[in-house]
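As structure tokens, the structure follows; a few thoughts come after it.
The values are calculated or read from the model by the stated rules, or taken from the named source; none is laboratory data. Bear in mind the structure is a predicted one, so any value in this text is a computation, not a measurement. Please note: Cβ atoms are built from the backbone with ideal geometry, for glycine as well, and neighbour counts cover all protein chains shown. Only protein heavy atoms, including side chains, enter the accessible area calculation; ligands, DNA and RNA are left aside. Shrake-Rupley method; radii C 1.70, N 1.55, O 1.52, S 1.80 Å.
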Amino acid sequence: MHFKMIIVFVEDEITDLVMDTARAAGATGATVISNARGEGLKKSETFFGLTLETQRDVLLFLVEKHMSRHILEEIARVGKFDEKPGTGIAFQLDVEDAVGVSHQVSQLSSSVENEL
């Protein structure tokens, strides 16, 4: 079985929405890294020297490659990444090898067979 890693940077207030949407689209789970900071084209505004930016989370999804594009598109849709600058980004990378996922392979096998 071949996997892709979907990496999502998103405002923490929609982390749960993104997680629920990814699960509904076929993801079996994720790792969430809290308290990330990002900077886009425009620098963040400051107020008396304090940066006015929202908390960000990084979500890491290891997903079966045939399901990855659909999951990525659903994440982008609910996160409204293309509608409003600064809401978040998501991308996928090929995973050469993975261990510790044998318990997910049996569950994913039937899902992938249905997709193909």
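Calculated FRET efficiency, Met1 and Thr87, Cβ-Cβ r, R0 25 Å, to nearest 0.05?
On the way: r = 32 Å, r/R0 = 1.28.
Efficiency, rounded to the nearest 0.05: 0.20.
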ask   = If R0 is 25 Å, what FRET efficiency do you get for Asp16 and Val101 from their C-beta distance, rounded to 0.05?
value = 0.60
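Once neighbouring chains are kept in place and the probe is 1.4 Å, which whole percent of the accessible area of the range 61-103 is contributed by carbon and sulfur?
51 percent
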ask   = Between His70 and Ser34, what is the FRET efficiency for a Förster distance of 25 Å, r being their Cβ-Cβ separation, to the nearest 0.05?
value = 0.40
